[in-house]
Every structure is written in structure tokens, then in C-alpha cells.
Amino acid sequence: LRRALQLNPGYVVAHRAMAAALLCDRRPHEAIEHSKQAVQLDPVSLAENYFLSLCYVAARDYAAAESAARRSLELEPRHAGSIEKLGDILIAKGDADKGVELKVESARISGSSPERLARLTNAYKSGGLKAYRALELEDMLKSWDGWHFMAYVIAAKYAQIGNREGSLLWLRRVRDARGAGLMLANDAPEFDPYRSDPEFREIVGPAFSKR
């Protein structure tokens, strides 16, 4: 990637690929610089602005992440991924009410049934964020088709509700399937409570970074 960028510093895809590689090595601030360059080279790219928001989340800079996510939505107001990501960012900033509202809207745009949307809304109203996430997890488990990346998403969701055993169980499935999600676990905020956990480090294996 570095050679590609030496040959062509304006190669947008190479900047994003470099940012992704740096994220996997828990070097989010370096990743941000490459992602920002990609956005500067292609400022109206939904993909590049969305990816920049992910880099800021990895750096735990939620204010900048919110700005990048909102820029994505200026480019495509009905982009479900950006709406959901903005919801996650607002939750991380402490505005769970608005965050959940956006996540339900993302689910609606993605085609969830009115019944499921009502269940999600009612779960949050009656049991708060943990109940909402538990219902999300329940739906994921029911629909899991063996895809290794969804196993990573399920592991992250278990971590969000504070279920260490469930989270590590599903991370093992990702590892056994040699899924790329294992690299993402090295940096994702959901797994921050496990950074010093020997079992987590053993599962992540060579992908684990002490940075």
C-alpha cells in the first residue's frame, strides 16, 4: 500500500485501504490522516465520508465522528448505514434517546417490519438501552446463517450488554472461521473491557496489538 501511494499519492482506494490496515493495528490517528486524504480527494464520496466516521469512532473522538457521519447523510439522507452509525455515535456521547430513534429509523429504511420496529421501540421504552440491545441480539441469533462476519457482530453485541462469556464464545467462532472480524475486534470500542483479559488476547492471537 505504501508503494502504491508513493506511485500515486492521489489513489483514493489505497488511502482507504491503508486506513483500514492501520485500524486493525490499533493506530486510529494515523488511519484518520489517510481517511481524511481520501475525503479531500473525493469530497462527495459517501463511502469515504462514512469510513472517516468509523476512523474517528476507533479513536474515540465522537464529536468528529458525528460530523463525518452527518456529512455522509448530507450526501445521501436515506443511507441506512450512516443513520445507524450516527445513532451509535450519539449513544456513545450519552444521547441514547436520539441514538435509538435513529437506529430504529435505519431499521425501517432497511426493510424491518412494523412489528419489529414496534418491538425495538417498546424494548427501549420499557427496559432502556440494555433491553434494546438484547432484542437486537435476539434477532441476530435467530437470523444467523453461518456467515463469519455476522458472528463478529454478534460477539460485539454480547459485549455491549455485558455478557463476556457469550462475546468470547462468538469471537472463537470468528477465529475458527478465520474471519476478518477478528482484526476489527482488536480495536472496536465494544471490546475495550476485555483488552487485558488473557482469554480475549488468546482468541485474538497474532492480531492482538498492545498499542
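The values are calculated or read from the model by the stated rules, or taken from the named source; none is laboratory data. Not measured: the values here are computed from a predicted model. Backbone-built Cβ (ideal geometry, glycine too); neighbour counts: all protein chains shown. Just so you know, the surface numbers come from the protein's heavy atoms only, side chains and all, with ligands and any DNA or RNA stripped out. Shrake-Rupley method; radii C 1.70, N 1.55, O 1.52, S 1.80 Å.
Key figures for this structure:
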| quantity | calculated |
| --- | --- |
| The range 106-173: C-alpha gyration tensor shape, a/c 1.5 cut-off, then a/b vs b/c | oblate |
| Inter-probe distance in nm under a simple model that places probes 7 Å from Cα toward Cβ, at Arg78 and Asn122 | 2.8 |
| Separation in nanometres of the label points that stand 7 Å from Cα toward Cβ, at Ser196 and Ala131 | 3.4 |
| Per-residue HN-Hα couplings for the range 12-22 [Karplus 6.51, -1.76, 1.60; θ = phi - 60°; Hz; x = Gly/Pro] | 4, 4, 5, 5, 5, 5, 5, 4, 4, 5, 5 |
| Two-site FRET efficiency, Asn163 against Lys93, from Cβ-Cβ distance with R₀ of 22 Å, rounded to 0.05 | 0.40 |
| Length-normalised contact order of the range 25-161 in % [C-alpha pairs under 8 Å, at least 6 apart] | 13 |
| For q = 0.16 Å⁻¹, Debye-computed log10 I/I(0) when each Cα of the range 9-91 counts as one equal scatterer | -0.51 |
| Accessible area per residue in Å² at 1.4 Å probe, computed on the chain | 50 |
| Carbon + sulfur, % of accessible area of the chain - ligands and nucleic acids excluded, 1.4 Å | 54 |
| Kirkwood Rh (inverse of mean 1/r, distinct Cα pairs), the range 48-115, angstrom | 11.7 |
| Extension gain from Ile109 to Arg2, taking 0.36 nm per residue of separation minus the Cα-Cα distance | 34.7 nm |
| Vicinal HN-Hα couplings computed from phi for the range 86-91 (Karplus, 6.51 cos²θ - 1.76 cosθ + 1.60; Hz; Gly/Pro x) | 4, x, 4, 5, 5, 4 |
| Two-site FRET efficiency, Lys142 against Arg60, from Cβ-Cβ distance with R₀ of 35 Å, rounded to 0.05 | 0.65 |
| Calculated P(r) tail over 22 Å for the range 55-182, as whole % of Cα pairs | 41 |
